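Single-structure report; data block below.
The values are calculated or read from the model by the stated rules, or taken from the named source; none is laboratory data. Quick caveat, the model's predicted, so the values are computed rather than measured. Cβ sites come from the backbone with ideal geometry, for glycine too, and all protein chains shown count toward neighbours.
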Amino acid sequence: MQYFVQQLINGLTLGSIYGLIAIGYTMVYGIIGMINFAHGDIFMVGAFAALVVFLILGSLFYSVPVVLALLIMMIVAMLLTSLYNWTIEKVAYRPLRGSFRLAPLITAIGMSIALSNFIQVTQGPRNKPIPPMVSKVYDIYGISVSLKQIIIVIVTALLLALFWYLVNRTSLGRAQRACEQDRKMAALLGVDVDRTISITFIMGAALAAVAGTLFLMYYGVIAFSDGFVPGVKAFTAAVLGGIGSLPGAVLGGLLIGFIESMWSAYFSIDYKDVAAFSILAIVLIFLPSGILGRPEVEKV
Amino acid sequence: MAVSVSSERDTVASPVQRAFREALYAGAISLGLFILFIGLKTDQNISNQLILAQRWGLLITVVVLTMLGRFFYIAYGQPFMANQKIADVATGLLPASVASRFFQLPAFIVAVVLAVILVAFSSALPALVGPDLAGYLQFLRALAVIYALACVIFYFRAFIHANFTKLGIAALVLYPILVVVVLSVYAWSIMGGLQGSLKWVDNYGIQILIYVMLAWGLNIVVGLAGLLDLGYVAFYAVGAYAYALLGSHYGLSFWILLPAAGAMAAFWGVLLGFPVLRLRGDYLAIVTLAFGEIIRLVLINWRDVTNGSAGVSGIPKVTFFGLMTFNSSDPNYIGKVLDIAQSSAYYKIFLYYLILALALLTAFVTTRLRRMPVGRAWEALREDEIACRSLGINTTTTKLTAFATGAMFGGFAGAFFAARQGFVSPESFVFLESAIILAIVVLGGMGSLVGIAVAALVMIGGTEALRELDFLKSIFGKDFTPELYRMLLFGMAMVIVMLWKPRGFVGSREPTAFLRERKAVSSSFTKEGHG
């Protein structure tokens, strides 16, 4: 039982990171109906930005409180990553809006290749390890919970609450939901569609940057190619939860996190990704539009 | 096309003023983008800790270059193109005017003379002007040759356009012979020519043709049936491992295993097809992607059979239909049978013709299938699935046949790949490969075989050509490796080509089945299916 709860906590941590990335996928899909393949690499760029900021802080000051350091890393990473995603949307996706469906997908894949190779060229191909930032581990009834995991879950919960408020209670969120339903009608009613889409990309990137910072803190290492696997997992999570649905993305992220940690705990660690992907396929056979997704109504 | 929001303001300012403003914006944005990643570099010191190295000079250079590029594009590039368009409309020279100004007789003569002189003195050049300058001159020589060839193509464009397929096939068939002849004359010995041809036949010819074949295979699934498949490389992997394992463990011949590999890949295609039949659009995309990853992960982890990440080596070579082999130690080695000197080029040339034959088979089958009921059903499925079902087309079998046929050609290509490399490992079957193949299909204009071949030539040949740019070392220093930038440029080229030609290189689509008269459907009117 203890072992199970332990794995549950590990899964929750992992799932939080996936959920944060998955929201970016699902929001962009919801509003313009494209798979933003570069999102995984945006996450990686966020982690690298946090890494560079961490090193700058380390070289400028003798010691910085961990909370302050994390906060600065997160904020700089969010700003920088948002700038990346905003630029990418403007350069690579906006001119192709209204073109056929696969065109933005191809530019997204191109951007994904370009981003990861840009980081490889400028920062070098090796793994970048950092000294552990937070190492405290609590022992609660025989279950060890590290402070890192607590930070991840709390930050994720706070961000999700903020995000929920933004989407459901502000005029910006209303504009986003309107664009999601009918872009043309929203434009006719005075919503600045281009701006709303840009902000959606910025929000997705900011969440991915937080996920990147947390990933760096949790694992203590990042490499230029680390965007792909979490990106695909998060995309899987978004589809599993029903793409376009925000609670679905979080739910899917947590599910993938649980599946992974449970599978590696009880079966074999080698096949944890195979398990996650197979469960995706099985779920989609029975629920073709994901767990919380609305079935697409087709009008002829 | 989306109209930029600031267009009303832009018409007031003069181009130079506007360019100045835009350049400042571009500079600010690129400064923000690059300050952390180009301005600083994370390096490991001796005790393996990360430290920061500063590169502010490089950062300033990049930002200034971005600003200049943006400035000249807005101030001179855009007005020039707009004027060009007006002039073209006025003179009726619409597509050809820029090209006819670019390809002119005097320039052609200069290019030919330059190329001939540089080729004639190429061996004496390094001694004459030093190795650095010789590198530039070699680059200049390549440019002159390419320009001269382009001029010839431009001059005969009407003829080429009319007989494109025949000429293309003839060029492909003659390519290795031409390479060997030209290089033999150049090196003044046939053996030298054969040895020199290795790079051209193998790195360019075979490499590009493998991608052409894969893209033509994927075209059946994506271009004809309209099913977005992001895991095509899985079938390539199945074919490659089928030949690698059966060939190296049981010693079966390539000619038996080629159909077997195709059949196995097709079987896996059907296996994947069944669960995903109910899925649409992007759900299908993610499941195929997941399937590709599952196959790769199984190949990595099932160590007893696949030898894990270390891969399978010692895969037997293809034989010349069992009559001759390409191992110089065998009694029926091609050199001994035909009584010619020993060279590794024979095998490469043979492989070139083999992959050419396989690729042409793919094209032939595709064009034939398109005229058969099943091909028409694919195209109908792509255009409108609901209409298809209401007309009584069995969408299940239609999708399954598309998956199976596409997968079969992927399997053929995989078996060929294993035979060519002599070694396979899961490294070769990552998602990036699927993405590249899909990009070639879309960049070529989905459904168009010629466009896809051109796209493969440009994208794969272009990145291969980057390996040749060693002379850049003399500009950027000895540490500079152009290969590092290969995939960065590839990704950017994907974006740029897509923005420039969103419908692909061949942008118009002709339905195979038509009523009464043949009408080309303009690209801007066709809408992709949802499936």
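Looking only at residues in the range A:88-128 that are polar (S, T, N, Q) and over 18 Å from the mean Cα position of the chain (by Cα), the one that is nearest to residue B:29 (Cα to Cα) is A:122. Contact annotation: residue pairs with Cβ atoms under 6 Å, 6 or more positions apart or on different chains, pairing a residue in the range B:50-69 that is over 22 Å from residue A:48 (Cα atoms) with a partner that is crowded, with 16+ Cβ neighbours inside 10 Å and not aliphatic (A, V, I, L, M), are B:66/B:30; B:67/B:27.
Checking each residue in the range A:139-161 for being touching a residue at least 12 places away in the same chain (Cβ under 8 Å) and more than 21 Å from the chain's Cα centre (by Cα) picks out A:141, A:142, A:143, A:144, A:145, A:146, A:147. More than 9 Å from chain A (Cβ to nearest Cβ), at pLDDT below 90 and surrounded by 21 or more Cβ atoms within 10 Å (Cβ to Cβ), is that true of residue B:318? When the stated conditions are applied, residue B:318 passes them.
Listed here are the residues, each with its yes/no results for (1) within 10 Å of another protein chain (Cβ to nearest Cβ); (2) buried (at least 24 other Cβ atoms within 10 Å of the Cβ).
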| residue | (1), (2) |
| --- | --- |
| A:32 | no, no |
| A:38 | yes, yes |
| A:47 | no, yes |
| A:52 | yes, yes |
| A:56 | yes, no |
| A:64 | no, no |
| A:70 | no, no |
| A:74 | no, no |
| A:86 | yes, no |
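For residues in the range A:134-179 being modelled with pLDDT under 90 and among the β-branched types (Val, Ile, Thr), which is nearest to residue A:215 (Cα to Cα)? Applying the filter and picking the extreme gives A:134.
For the range B:14-40, name all the residues that are among the β-branched types (Val, Ile, Thr), in a helix (DSSP H, G or I) and facing another protein chain (nearest Cβ under 8 Å). Correct list: B:29 only. Annotation: of all residues in the range A:64-99 being among the basic types (Lys, Arg) and in a helix (DSSP H, G or I), the one that is farthest from residue A:29 (Cα to Cα) is A:90.
One residue stands out among those in the range A:180-236 that are hydroxyl-bearing (Ser, Thr, Tyr) and modelled with pLDDT of 90 or more: the one that is farthest from residue A:160 (Cα to Cα), which is A:219. Checked against the criteria, residue B:292 counts as closer than 24 Å to residue B:412 by Cβ and in contact with a Ser or Thr (Cβ under 8 Å, 6 or more places away or on another chain).
If the condition is being surrounded by 14 or more Cβ atoms within 10 Å (Cβ to Cβ) and within 16 Å of residue A:218 (Cβ to Cβ), then the range A:150-165 contributes A:150, A:151, A:152, A:153, A:155, A:156, A:159.
Residue B:222 satisfies every condition listed in (1) of a type in the set (A, V, I, L, M, F, W, C); (2) surrounded by fewer than 24 Cβ atoms within 10 Å (Cβ to Cβ); (3) touching a residue at least 12 places away in the same chain (Cβ under 8 Å) except (2).
Of all residues in the range B:316-372, those that are without any contact (Cβ under 8 Å) to a residue 24 or more places away in the chain and small (Gly, Ala, Ser) total 4. Helices (runs of 4 or more DSSP H) fully within the range A:218-300 that include at least 2 residues being more than 10 Å from chain B (Cβ to nearest Cβ), crowded, with 21+ Cβ neighbours inside 10 Å and in contact (Cβ under 8 Å) with a residue 12 or more places away in the chain: A:228-241, A:246-266. Filter the range B:41-61 for residues that are modelled with pLDDT under 85, in a loop (DSSP other than H, G, I, E, B) and either facing another protein chain (nearest Cβ under 9 Å) or under 37 Å from the mean Cα position of the chain (by Cα) (or both) and give the result. Correct list: B:48, B:49. Could you tell me which residue of the range B:272-315 is farthest from the other protein chains (Cβ to nearest Cβ), considering only residues that are among the small types (Gly, Ala, Ser) and either free of Cβ contacts under 8 Å to residues at least 24 places away in the same chain or under 26 Å from residue B:419 (Cα atoms) (or both)? My answer is B:314.
Right, residue A:176: within 14 Å of chain B (Cβ to nearest Cβ), under 22 Å from the mean Cα position of the chain (by Cα) and either farther than 21 Å from residue A:80 by Cα or buried (at least 17 other Cβ atoms within 10 Å of the Cβ) (or both) or not? No: the conditions fail for residue A:176.
In the set (1) in contact (Cβ under 8 Å) with a residue 12 or more places away in the chain; (2) among the aliphatic types (A, V, I, L, M); (3) part of a helix (DSSP H, G or I), residue A:187 fails one condition alone, (1). Within the option set B:395, B:405, being within 27 Å of the chain's Cα centre (by Cα) and either at pLDDT 95 or above or of a type in the set (S, T, N, Q) (or both) holds for one residue only, B:405.
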